[in-house]
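Undergrad: Take this structure, written in structure tokens, and hold onto it; I'll ask about it next.
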Amino acid sequence: MIFADSAPRLDASVLSDGRTIAAIATPLGRGALAIVRLSGPDVLDMVAKLLEPASLHARKASRARVIDPEDGTVLDEVVATLYRAPHSFTGEDLLEISTHGGLHTPTAVLAAAIRIGARQAEAGEFTRRAVLNGKMDLLQAEAIGDLIDARSHVAHRQAIRQLDGGLSARVRELRERILQLEALLAYDIDFPEEDDGPIPQERIVRTTEVTLRDLSSLLATADKGTLIHEGALVVLAGAPNAGKSSLFNALLGETRAIVTEISGTTRDAIEAVLDRPLWPLRLVDTAGLRETSDPLEQLGIETSTRYISRAAVVLACAEHSGETVRIADAVADHTTAPILEVLTKADLVSREQYVGSAIRVSARTGEGLS
Ligand SMILES: Nc1nc2c(ncn2[C@@H]2O[C@H](COP(=O)(O)OP(=O)(O)OP(=O)(O)O)[C@@H](O)[C@H]2O)c(=O)[nH]1
Ligand SMILES: [Mg+2]
């Protein structure tokens, strides 16, 4: 049978020990609330042992007390919600307890669950069970990780789209097309003697072409995905005292790097993330490039060079027209990335005086920053 009509199913018993797992789902720290989650076959038993009253209606939030199963003391006043299998995030019976926050209370509730037989969940184990039980596919599980790790507006938006199944649908479509192609080929191989078989050769060629085109257009989005996750590395490079740190601060809108009139102020690379609409920018201020006998400054320059070699874009900064070209040439030895010539301190050079194609910027007046 060539056509498979569903994705290969994973054997849940191989990857899950079938025990009830428990974990604190929220970060530990001072806060109003925390969530302790339990998932697995013993959840109903555990509700009976942990909660008072123990009668919960599925999918209805109920007020309850968590009771220490050993000495009967009250651990917290909580809101508990029970989800019955398969109608839960993991596809198993699942209990969500909203406890008060802080360090001690959620930990005490978790410890109580473990004392009555739950196992501390590993990182990502609730999501893994959701995948094993067919509640979501791997791309969606990955999207949950991306959503949690999102540090910018675009990364967040992309993760939401992937969670919604956008990428899954594209991959599914491609898979179906490839299976179809396989069937056409197999048919052709099975009946080689028929010159003019029921499947015209052009049809196979056309399907192959369309599939290859769709595959490469999907692959082409991978680089963009990486940019969205990691941000585009934008390196400010130039001679000492060119105004790189001032430009860095002005672009960020806050004073992150030290600025002085002394050449060689910046010794180390300083990174900051700028949230931009297409993808975040990882802006890096670097030590000014020059010949030096100071070993400390030399180390800073080596760091600058390393950043330049990994950059997505380099801003070749200089305060005198003509000098930007020299900096751009020096930078080009270390990278194939696009290099933008940037004339800094534009407030000191009138437009009439200036000849050249560099972008004029001034940290002082804000000119050219956009
Ligand atoms: N007029 C004017 N002065 C500026 C501007 N930007 C920086 N400066 C001055 O130029 C000097 C050097 O600025 P920095 O930002 O420290 O220069 P840098 O390129 O980071 O220098 P190093 O870290 O030593 O390589 C300081 O005295 C700043 O006040 C600007 O846009 N206009
Ligand atoms: Mg500096």
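The values are calculated or read from the model by the stated rules, or taken from the named source; none is laboratory data. As the structure is a prediction and not an experimental result, all values here were calculated from the model. Using ideal geometry, Cβ is built from the backbone for each residue, glycine included, and neighbour counts are taken over all protein chains shown.
Undergrad: Right, T99: in contact (Cβ under 8 Å) with a residue 60 or more places away in the chain, among the hydroxyl-bearing types (S, T, Y), surrounded by 20 or more Cβ atoms within 10 Å (Cβ to Cβ) and in the same structural domain as G29 (by TED's automatic domain parsing) or not?
TA: Details: in contact (Cβ under 8 Å) with a residue 60 or more places away in the chain: yes; among the hydroxyl-bearing types (S, T, Y): yes; surrounded by 20 or more Cβ atoms within 10 Å (Cβ to Cβ): yes; in the same structural domain as G29 (by TED's automatic domain parsing): yes.
In short, yes.
Undergrad: For region 117-129, check the following and say yes or no: at least one residue is loosely packed, with under 12 Cβ neighbours inside 10 Å and in a helix (DSSP H, G or I). Talk me through it step by step, then tell me what you get.
TA: In the first step, residues of region 117-129 are kept if they are loosely packed, with under 12 Cβ neighbours inside 10 Å; the result is 122-123.
From what's left, in a helix (DSSP H, G or I): none.
The answer is no; no qualifying residue exists.
Undergrad: All but one of (1) part of a helix (DSSP H, G or I); (2) closer than 25 Å to T226 by Cα; (3) over 26 Å from the mean Cα position of the chain (by Cα) hold for D347, so report the exception by its number.
TA: All conditions are met except number (2).
Undergrad: Here are A111, A32, A118: which of them is in the same structural domain as G18 (by TED's automatic domain parsing) and either without any contact (Cβ under 8 Å) to a residue 24 or more places away in the chain or over 29 Å from G145 (Cβ atoms) (or both)? Break it down stepwise before answering.
TA: Numbers: A32 fails: either without any contact (Cβ under 8 Å) to a residue 24 or more places away in the chain or over 29 Å from G145 (Cβ atoms) (or both); A118 fails: either without any contact (Cβ under 8 Å) to a residue 24 or more places away in the chain or over 29 Å from G145 (Cβ atoms) (or both).
Exactly one of A111, A32, A118 is in the same structural domain as G18 (by TED's automatic domain parsing) and either without any contact (Cβ under 8 Å) to a residue 24 or more places away in the chain or over 29 Å from G145 (Cβ atoms) (or both), namely A111.
Undergrad: Could you grab me the full set of residues in region 150-189 that are under 16 Å from E230 (Cβ atoms) and touching a residue at least 40 places away in the same chain (Cβ under 8 Å)?
TA: Result: R151, S152, H153, V154, A155, Q158.
Undergrad: Same structure again: Which one of the conditions (1) surrounded by fewer than 18 Cβ atoms within 10 Å (Cβ to Cβ); (2) in contact (Cβ under 8 Å) with a residue 12 or more places away in the chain; (3) more than 22 Å from I339 (Cα to Cα) does A257 fail to meet, given that it meets all the rest?
TA: (1)
Undergrad: Which of the residues that make up region 214-240 are surrounded by fewer than 20 Cβ atoms within 10 Å (Cβ to Cβ) and within 14 Å of ligand 1 (Cβ to nearest atom)?
TA: The one that is surrounded by fewer than 20 Cβ atoms within 10 Å (Cβ to Cβ) and within 14 Å of ligand 1 (Cβ to nearest atom): P240.
Undergrad: Name every residue in region 282-298 that is surrounded by 11 or more Cβ atoms within 10 Å (Cβ to Cβ) and outside any strand (DSSP E or B), in order of residue number.
TA: At the first step, the residues of region 282-298 found to be surrounded by 11 or more Cβ atoms within 10 Å (Cβ to Cβ) are 282-290, 292, 294, 296-298.
If the condition is that a residue be surrounded by 11 or more Cβ atoms within 10 Å (Cβ to Cβ) and outside any strand (DSSP E or B), then T286, A287, G288, L289, R290, T292, D294, L296, E297, Q298 are the ones that fit.
Undergrad: For S321, indicate whether it is small (G, A, S) and free of Cβ contacts under 8 Å to residues at least 12 places away in the same chain.
TA: Details: small (G, A, S): yes; free of Cβ contacts under 8 Å to residues at least 12 places away in the same chain: no.
No, not satisfied.
Undergrad: Say we look at region 325-357 and pick out the residues that are in contact (Cβ under 8 Å) with a residue 40 or more places away in the chain and on the phi < 0 side of the Ramachandran plot; which of these is nearest to ligand 1 (Cβ to nearest atom)?
TA: Pass one, region 325-357, residues in contact (Cβ under 8 Å) with a residue 40 or more places away in the chain: 327, 330-331, 342, 344-345.
Imposing the further condition that a residue be on the phi < 0 side of the Ramachandran plot reduces the set to 327, 330-331, 342, 344.
Details: I327: 11, A330: 14, V331: 14, V342: 11, T344: 6 Å.
Checking each candidate, the answer is T344.
Undergrad: In the set A237, A272, which member is farther than 19 Å from S362 by Cα, touching a strand residue (DSSP E or B) at 6+ places or on another chain (Cβ under 8 Å), not assigned by TED's automatic domain parsing to the domain that holds Q158 and not in a loop (DSSP other than H, G, I, E, B)? I'd like the intermediate steps shown before the answer.
TA: On the way: A237 fails: farther than 19 Å from S362 by Cα.
None of the other options fit; the residue is A272.
Undergrad: Same structure again: For residues that are part of a loop (DSSP other than H, G, I, E, B) and in contact with a strand residue (DSSP E or B) (Cβ under 8 Å, 6 or more places away or on another chain), scanning just region 29-40, find the one that is surrounded by the most Cβ atoms within 10 Å (Cβ to Cβ). Steps first, please.
TA: Here is the first cut: in region 29-40, the ones part of a loop (DSSP other than H, G, I, E, B) are 29-32, 40.
Adding the requirement that they be in contact with a strand residue (DSSP E or B) (Cβ under 8 Å, 6 or more places away or on another chain) leaves 32, 40.
On the way: A32: 8, G40: 24.
Filtering first and then ranking leaves G40.
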